[in-house]
Amino acid sequence: MLIRTHLAALAVSTVAALSSLAQLPAAAAPSAPAEADRVEVFGHRGASGYRPEHTLASYELAARMGADYIEPDLVSTRDGVLVSRHENEISGTTDVADRPEFADRKTTKVIDGVELTGWFTEDFTLAELKTLRAVERIPELRPNNTIYDGRFEVPTFQEVVDLAHRLSKELHREIGVAPETKHPSHFQHIGLPLEPEVARALDDNGLNRPNAKVVVQSFEVANLRELDRVLRVRLVQLISGSGAPQDFIEAGDPRTYADLVTPEGLREIAGYADVIGPDTKVLLPVDETGHLTGPTRVTADAHAAGLEVVPYTVRAENDFLPADFRSSDVPSEFGDVFGYFDALFAQGIDGIFSDHPDIAVRSRDDHAG
């Protein structure tokens, strides 16, 4: 693979100034570009490269950096309120472990087949969660974000929707919302199903309509099928790079995520969803050394099935980039993220999730120009 890279300093509060090109192997030609006017940028957990994830500050910064959508992951409180956290276990994203008044809430649970010890949103009321403060989840890779530890609350889904509405007016462009239902089978089992609350929130805010700038995501299948019967917005079937949907596992369905991205699997997805959100490695796999091996046919096959393709997640730090685009052996340093964006855009994708939406927007616009 021939890669020509030009790196410049990347500023946190402004659009990064870096440019590079990535040429893919000629033997694996990308599919034709999608027909959408431009690739949509999804601020992954907000602008989580610059602020603690899933905070109103992170979402607002993403919108101001040019993101088309902000993305809250949704879990439930004990009293059935949707809040935005990456996981229902919150010891890594809040200061709960330092709160003696909640020491007795620490427990061990099995979530999607994995045993976890910590504190879980479903064991707190909203009022209790609101006393906690967010912290940076990966401080070893994003030490600058830790200056904001303790400053922001855990937001409700309604607060995220209200923020998007306010910023749409202020910025004179519509800011979309892309909620993801987290661990839907788990919440279903404990009597706190997420889907009715998602539908109710969209109904109450006038967003359950075909032209609303809303997409609803899930790594599971059954709940998307359920939502397809009550929602009129776009639905996204998320595709992990390994494993299988939890609802498949619990139902004894032997299919995996790899089966879902076969031509047959993609045609089935098109029966209940509008978009696939694959791990970037599903489109651009890497070998055992971490280097790209060339594109798959997933983007072309998805488009043939009538599905849009919005992969996740591009992050600027070396630790998250294929070896082809790393700038050094220091995990927290920024690599040639523009080169990686170029390689993905060359596949004809319709959108991209990124922790660094300013870089995604600049790269998207450079690629389109």
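The values are calculated or read from the model by the stated rules, or taken from the named source; none is laboratory data. Please read all numbers here as calculations on a predicted model, not as lab measurements. Reconstructed Cβ throughout: ideal geometry from the backbone, glycine too, with neighbour counts over all protein chains shown. The protein model used for the area step is the full one, side chains on, heavy atoms only, and it has no ligands, DNA or RNA in it. Shrake-Rupley method; radii C 1.70, N 1.55, O 1.52, S 1.80 Å.
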*With L18, L10, L2 as the choices, which residue is out of contact with any Phe, Trp or Tyr (no Cβ under 7 Å at 6 or more places or on another chain) and modelled with pLDDT under 50?*
L2
*Enumeration of residues in the stretch 276-327 that are in a strand (DSSP E or B) and touching a residue at least 60 places away in the same chain (Cβ under 8 Å)*: G277, L292, E308, V309, Y312, E317
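Would you mind finding the one in F353, F338 that is within 16 Å of the chain's Cα centre (by Cα) and either open to solvent by 40 Å² or more (accessible area, probe 1.4 Å) or in contact (Cβ under 8 Å) with a residue 12 or more places away in the chain (or both)?
Numbers: F338 fails: within 16 Å of the chain's Cα centre (by Cα).
One residue alone meets the criteria, F353.
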*Quick one: how many residues across the stretch 177-194 are open to solvent by less than 60 Å² (accessible area, probe 1.4 Å), outside any loop (DSSP other than H, G, I, E, B) and under 21 Å from L126 (Cβ atoms)?*
6
_Please verify whether L192 is more than 30 Å from P245 (Cα to Cα) and in contact (Cβ under 8 Å) with a residue 40 or more places away in the chain, treating the condition exactly as stated._
no
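Please go through the stretch 79-91 and give me each residue that is open to solvent by 30 Å² or more (accessible area, probe 1.4 Å) and either free of Cβ contacts under 8 Å to residues at least 60 places away in the same chain or within 16 Å of the chain's Cα centre (by Cα) (or both), ordered by number. It would help to see each step written out before you state the result.
Taking the stretch 79-91 and keeping what is open to solvent by 30 Å² or more (accessible area, probe 1.4 Å), we get 79, 81, 86-87, 89, 91.
Scanning the stretch 79-91 gives D79, H86, E87, E89, S91.
Per-residue answers, yes or no, for (1) more than 30 Å from H165 (Cα to Cα); (2) open to solvent by less than 10 Å² (accessible area, probe 1.4 Å); (3) aliphatic (A, V, I, L, M):
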site	(1), (2), (3)
V230	no, no, yes
T256	yes, no, no
V261	yes, no, yes
D301	yes, no, no
A305	yes, no, yes
*asked:* Please pick out the residue among E174, E197 that is part of a loop (DSSP other than H, G, I, E, B) and either open to solvent by 80 Å² or more (accessible area, probe 1.4 Å) or among the acidic types (D, E) (or both).
replied: E174
